[in-house]
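The values are calculated or read from the model by the stated rules, or taken from the named source; none is laboratory data. Everything quoted here is computed from the prediction, not taken from an experiment. Don't worry about glycine lacking a Cβ; one is built from the backbone with ideal geometry, like all the others, and counts go over all protein chains shown. The accessibility values were calculated without ligands, DNA or RNA, using every heavy atom of the protein model including side chains. Shrake-Rupley method; radii C 1.70, N 1.55, O 1.52, S 1.80 Å.
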Amino acid sequence: MVTRAETNAKATALRAVFEREGAQVVEPPMLQPAGTLLDLYGEDIRARAYVTSDALRGEQVLRPDFTVPVVQMHMAEGAEPARYTYAGEVFRRQERHADRPNEYVQVGYEVFERADPAASDAEVFALIAQALGDLPVRAVTGDIGVLMAVVDGLQTSQLRKDALMRHIWRPRRFRALLDQFAGRTPVPPSRRALLAGEITCDAPLVGLRSHREIEARIAALKADADVAPIKTRDVDMIEALLDIAAPMPGALGRLHDLSVDLPAIIPAVARVSTRMDALSARGIDVSSLMFEASYGRTSMEYYDGFVFGFKARDHVDMPPLATGGRYDALTRRLGKGTEIPAVGGVMRPGLILELESRA
């Protein structure tokens, strides 16, 4: 059993790795304003957050992670370029996994730098790999930006693109929408009746939506019914993309092949290629480093590019020991008109100690 004292000592040692790289130590408050921050985390974390309130401060949340408050702090007052590190508790309800802790320690490293995003990606990944040392872990990488580029390049309505983009992080819902927009699933009878004007109701309004909002939604559904189905070829290309899971050089070759028929992904694929070179320059053996195009789709919804994780090789029951990714769009949302390329990663010292004891 790993003790809190051991975990804290390990956290201090891990944070020191990032301090030696020039990272500034920061300590965001444990209680954070709930409103804007919870909207940035995505459905899973919102459902697992501990929320409280008082008359003076309104709704507050026990921090579910450090990245969002660090980005908020940097965009308000940080100089460029910047590197930050931190260590402390995060809190998440575990209603579906009673065996997992609802409070645990995170150590993180965040890089805000415009000069060379690929080099920053490689820096964060390589430092975390270095901190994990010789532990028996398996690293996986991916890039959410490639799938985003595919969706953005589809020949369909903006409404459908927006719906697919919102559900990139919910694979089952994304798949269902893709099938629906491709005409592969029948329209439910209730929606057919609604679109045909066969449903009327004079019951009193119940819920938060106004009559105007309901009418706007019905109008949007009617407009969507007239949109041509997404081409079967495009759906097949998306499926082929999401099936990619191979060491980086082979995965990159398949991405280049797909880009012939999906030119919208060419810039995103170029970023994957540049990143592979940057990782290699950092001493990472890219010939064995896995790239999975679907990786990261159940993690934080603020990631919009490079994503990675380190899992115990022989203990599939353990959560990832470290995860991270690029979140440029998050800086844009919190920057009030400004933005900066940013990437970061977090480690769980308690899990690292547990794996050390098992190895």
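Approximating the spin labels as points 7 Å out from Cα along Cα→Cβ, the Ser280-to-Met318 distance works out to 3.1 nm.
To put it simply, the accessible area of the chain at a 1.4 Å probe is 52 percent carbon and sulfur.
Grab the beta carbon distance between Thr298 and Lys336, set R0 = 25 Å, and tell me the FRET efficiency rounded to 0.05. Write down the numbers at each step before the final one.
Numbers: r = 30 Å, r/R0 = 1.19.
Working from the Cβ atoms, E equals 0.25.
A straight line joining the Cα centroids of the range 1-69 and the range 166-186 runs 33 Å. Pairwise Cα separations in the chain fall into 20 Å bins from 0 onward with the following percentages, short to long: 26, 54, 19, 1. The helix-based estimate of mean residue ellipticity at 222 nm for the chain, built from -39,500 (n - 2.57) per DSSP H run of four or more residues and divided by its residue count, is -14000 deg cm²/dmol to the nearest 500. Placing pseudo-labels 7 Å out from each Cα toward the beta carbon at Ala245 and Thr12 gives an inter-label distance of 4.1 nm. Couplings 3J(HN,Hα) for the range 85-91, derived from phi with the Karplus relation 6.51 cos²θ - 1.76 cosθ + 1.60 (θ = phi - 60°), are 9, 7, 8, x, 7, 10, 9 Hz, where x marks Gly and Pro. Taking packing as the residue-averaged number of other Cβ atoms within 10 angstrom, the listed peptides 53-61, 349-357 run from highest to lowest as 349-357, 53-61. Between Asp226 and Asp257, the C-beta separation translates, for a Förster distance of 30 Å, into a calculated FRET efficiency of about 0.30.
Please work out the FRET efficiency for the pair Glu103 and Asp39, using the Cβ-Cβ distance as r and a Förster radius of 41 Å; give the result to the nearest 0.05. Before the final figure, lay out each step's value.
Values: r = 23 Å, r/R0 = 0.56.
Plugging the Cβ-Cβ distance into 1/(1 + (r/R0)^6) gives 0.95.
Distant-in-sequence amide contacts of Val137, defined by a placed amide H-H separation under 5 Å and a gap of 5 or more residues or a different chain, comprise Arg313.
Placing pseudo-labels 7 Å out from each Cα toward the beta carbon at Glu77 and Thr52 gives an inter-label distance of 2.4 nm. Backbone geometry of the range 268-275 corresponds, through the Karplus equation with coefficients 6.51, -1.76 and 1.60 at θ = phi - 60°, to 3J(HN,Hα) couplings of 5, 5, 4, 5, 4, 5, 4, 5 Hz, x marking Gly and Pro.
Here the 3J(HN,Hα) profile of the range 276-285, calculated from phi with Karplus coefficients 6.51, -1.76 and 1.60 at θ = phi - 60°, is 4, 5, 5, 5, 4, 5, 8, x, 7, 7 Hz, Gly and Pro shown as x. For Gly305, the amide hydrogen comes within under 5 Å of the amide hydrogens of Ile144, Gly145, Arg326, counting only partners 5 or more places away or on other chains and with H modelled in the peptide plane. Can you check what the net charge comes to around Leu255, using other residues whose Cβ is under 15 Å from the Cβ of Leu255 (Lys, Arg +1; Asp, Glu -1)? That works out to -4.
Based on the convex hull around the alpha carbon atoms, the range 103-160 presents an average projected area of 7.4 nm². Summarising the amide proton neighbourhood of Tyr50: residues at separation of 5 or more, or on other chains, whose placed amide H is nearer than 5 Å comprise Leu62, Arg93. Ordering Pro341, Pro249, Thr3 by Cα displacement along the dipole of the chain toward the positive end leaves Thr3 in first place; charges were set at the Cβ atoms of Lys, Arg (+1) and Asp, Glu (-1).
Dipole check for the chain: with +1 at the C-beta of Lys and Arg, -1 at the C-beta of Asp and Glu, and the Cα centre as origin, the magnitude is about 660 Debye.
Extension gain for Val25 to Arg212 (0.36 nm times residue separation, less C-alpha to C-alpha distance): 62.4 nm.
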